């Protein structure tokens, strides 16, 4: 059952194995209704523990989404005590100790919200089982992109450890859950297990720009030990959504909702002026999507640079088409932008079409080489290019064409005494994407069908040293299904077998790219999470 559902006045549901008949209240959200704030005593409080699961072998960086959730819930539900639990660099023993301590401090009922990507899904499940083993009556909730599109699979297989799956943005779904529990049927945006089947409630509302403005970038209390972002930058999100529909991406066809310029400046002032961060990664899905807002925002960032005694640098993710606008590039340069990650993904027409990057691959590549790269290398903004390798059906001529185009781009950079950095991505399939749906419909996963991530993530967790090699050389190297390096016939039988020749082709492609003059290849190894290496970084939880 999906989509909007008819709600009876009362429903019978199973909560922690007990049958209950519960009434259904009014709809969760009424934009015109003012917030009601109630003073509560300690004995009346509920506990919500938001968990960043272990990330060993993945790029280190605490989830900014959990900080947003914590602030949203705490401001609207004063009877809920929210804490952050960072297990990102915790080994099994340390994770168990940390979970015990968090539960010891918690008041019942206890809600546990675990955020998971496909890459961290296996560890998220282990974390959920750990919580259930220590606190069987805790309500364990799983959210994130992977859970959103695999809710039925997760609940069918793991309803003993996962009580609820949040689909899409988690703020209103989680708020409704902690406020209305045990009335699961009245909460939008969640799926849950009942009477041997998955119940899927209607979607929760997305946050509007005014609500985004109210999401803080730090959260009081809790111990964040992981790095605050990737590559020695703190993660900051100024907008949500992406209107495009790339075939490999699970975030697609969603209107962009942005924080206001004053709100962004207030956030940056806090991060830089109060917390002394000097390198910021703006991780909007599509920065510079709106030229007018981008120019206004950059003007305000420039003003903040002049206001503060210490300067800061920032980078962002954007598209080739957005960098065609010279006014946008100049505004970003004046505002202290140090680099842009161009989501190019491929340098052949065939692969660009396969990835759904553009309707006109030839024009796209011409814009990149004749306009965007020359413009960037003449500025103070470094040019980073995301490039996918291991695309299914990759042939020698694809690599030859890629190397020729990289040689041209490298030559352009060298004329300005610059280099272009390639950030390698391994082509993988994620749930909720066009590519994944196509593969399922074509029966490329055989008996596993859409449930393929259940056996695959468990299998992958045991694949050393291949898993380590993928993590060190590729973003998105683990978690998703790397069709380009798996033997297709065994995959159709439900088996996972790495093709050594395919791995060698990918490794040789990396070496060849690194030899192109004017091109450097980024190495991820120094930025991977590992057990016990994190310093105490409490600024975000201050």
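The values are calculated or read from the model by the stated rules, or taken from the named source; none is laboratory data. It should be emphasised that the depicted structure is a prediction, and the values quoted were computed from it without experimental measurement. Here the Cβ is made from the backbone with ideal geometry for all residues, glycine too, and neighbour counts use every protein chain on show.
Residue under question is residue 407, and the condition is that it be more than 24 Å from residue 350 (Cβ to Cβ) and either at pLDDT 95 or above or outside any loop (DSSP other than H, G, I, E, B) (or both); does it hold?
Details: more than 24 Å from residue 350 (Cβ to Cβ): no; either at pLDDT 95 or above or outside any loop (DSSP other than H, G, I, E, B) (or both): yes.
It is false that residue 407 is more than 24 Å from residue 350 (Cβ to Cβ) and either at pLDDT 95 or above or outside any loop (DSSP other than H, G, I, E, B) (or both).
Among strands (runs of 3 or more DSSP E) lying entirely in the stretch 133-252, which contain 1 or more residues that are over 24 Å from residue 46 (Cβ atoms)?
On the way: elements: 139-143, 164-166, 190-194, 197-200, 234-236.
Correct list: 197-200, 234-236.
For the stretch 77-85, state whether one or more residues are assigned to a helix (DSSP H, G or I), at pLDDT 95 or above and in the same structural domain as residue 118 (by TED's automatic domain parsing).
Filtering the stretch 77-85 for residues assigned to a helix (DSSP H, G or I) gives none.
No - not one qualifying residue is present in the stretch 77-85.
Of the conditions (1) part of a helix (DSSP H, G or I); (2) surrounded by 14 or more Cβ atoms within 10 Å (Cβ to Cβ); (3) more than 28 Å from the chain's Cα centre (by Cα), residue 470 satisfies every one except a single condition; which number is it?
For residue 470, the failing item is (3).
Would you be able to say whether some residue in the stretch 264-271 is touching a strand residue (DSSP E or B) at 6+ places or on another chain (Cβ under 8 Å), under 21 Å from residue 341 (Cα atoms) and assigned to a loop (DSSP other than H, G, I, E, B)? Can you show your working first?
Looking only at the stretch 264-271, we keep the residues that are touching a strand residue (DSSP E or B) at 6+ places or on another chain (Cβ under 8 Å), and these are 267-268, 271.
Within this subset, residues satisfying the condition of being under 21 Å from residue 341 (Cα atoms) are 268.
Those still in the list that are assigned to a loop (DSSP other than H, G, I, E, B) too: none.
No, because not a single residue in the stretch 264-271 is touching a strand residue (DSSP E or B) at 6+ places or on another chain (Cβ under 8 Å), under 21 Å from residue 341 (Cα atoms) and assigned to a loop (DSSP other than H, G, I, E, B).
Taking only the stretch 441-461 into account, find how many residues are without any contact (Cβ under 8 Å) to a residue 24 or more places away in the chain and under 20 Å from residue 351 (Cα atoms). Lay out the reasoning, then the answer.
Step one: list which residues in the stretch 441-461 are without any contact (Cβ under 8 Å) to a residue 24 or more places away in the chain, which gives 441-442, 449.
Right, trim to under 20 Å from residue 351 (Cα atoms) and you get 442.
Going through the stretch 441-461 one residue at a time, the tally reaches 1.
Residue by residue through the stretch 172-198, note down the ones that are surrounded by fewer than 18 Cβ atoms within 10 Å (Cβ to Cβ) and either farther than 22 Å from residue 68 by Cα or free of Cβ contacts under 8 Å to residues at least 12 places away in the same chain (or both).
Selection gives 182, 194, 195, 196, 197.
How many residues are in contact (Cβ under 8 Å) with a residue 60 or more places away in the chain, surrounded by fewer than 21 Cβ atoms within 10 Å (Cβ to Cβ) and assigned to a helix (DSSP H, G or I) if we restrict to the stretch 97-125?
Qualifying residue count, the stretch 97-125: 0.
Does residue 277 satisfy the criteria of being within 18 Å of the chain's Cα centre (by Cα), surrounded by 16 or more Cβ atoms within 10 Å (Cβ to Cβ), assigned to a loop (DSSP other than H, G, I, E, B) and touching a residue at least 24 places away in the same chain (Cβ under 8 Å)? I'd like the intermediate steps shown before the answer.
Numbers: within 18 Å of the chain's Cα centre (by Cα): no; surrounded by 16 or more Cβ atoms within 10 Å (Cβ to Cβ): yes; assigned to a loop (DSSP other than H, G, I, E, B): yes; touching a residue at least 24 places away in the same chain (Cβ under 8 Å): yes.
Considered against the rule, which asks whether it is within 18 Å of the chain's Cα centre (by Cα), surrounded by 16 or more Cβ atoms within 10 Å (Cβ to Cβ), assigned to a loop (DSSP other than H, G, I, E, B) and touching a residue at least 24 places away in the same chain (Cβ under 8 Å), residue 277 comes out as no.
Can residue 219 be described as crowded, with 20+ Cβ neighbours inside 10 Å and either at pLDDT below 95 or closer than 15 Å to residue 168 by Cα (or both)? Break it down stepwise before answering.
Details: crowded, with 20+ Cβ neighbours inside 10 Å: yes; either at pLDDT below 95 or closer than 15 Å to residue 168 by Cα (or both): yes.
Yes.
Considering every residue within the stretch 499-509, establish whether at least one is at pLDDT below 95, surrounded by 19 or more Cβ atoms within 10 Å (Cβ to Cβ), in the same structural domain as residue 385 (by TED's automatic domain parsing) and not in a loop (DSSP other than H, G, I, E, B).
no
Taking the stretch 136-149 on its own, how many of its residues are surrounded by 21 or more Cβ atoms within 10 Å (Cβ to Cβ) and over 23 Å from residue 59 (Cα atoms)?
Counting residues in the stretch 136-149 that are surrounded by 21 or more Cβ atoms within 10 Å (Cβ to Cβ) and over 23 Å from residue 59 (Cα atoms) gives 4.
Can you name the residue in the stretch 376-402 that is part of a helix (DSSP H, G or I) and in contact with a helix residue (DSSP H, G or I) (Cβ under 6 Å, 6 or more places away or on another chain) and is also farthest from residue 506 (Cα to Cα) among such residues? So that I can check it myself, show each step before the final result.
At the first step, the residues of the stretch 376-402 found to be part of a helix (DSSP H, G or I) are 376-377, 396-402.
Of the ones still in play, those that are also in contact with a helix residue (DSSP H, G or I) (Cβ under 6 Å, 6 or more places away or on another chain) are 377, 399.
Numbers: 377: 28, 399: 10 Å.
Applying the filter and picking the extreme gives 377.
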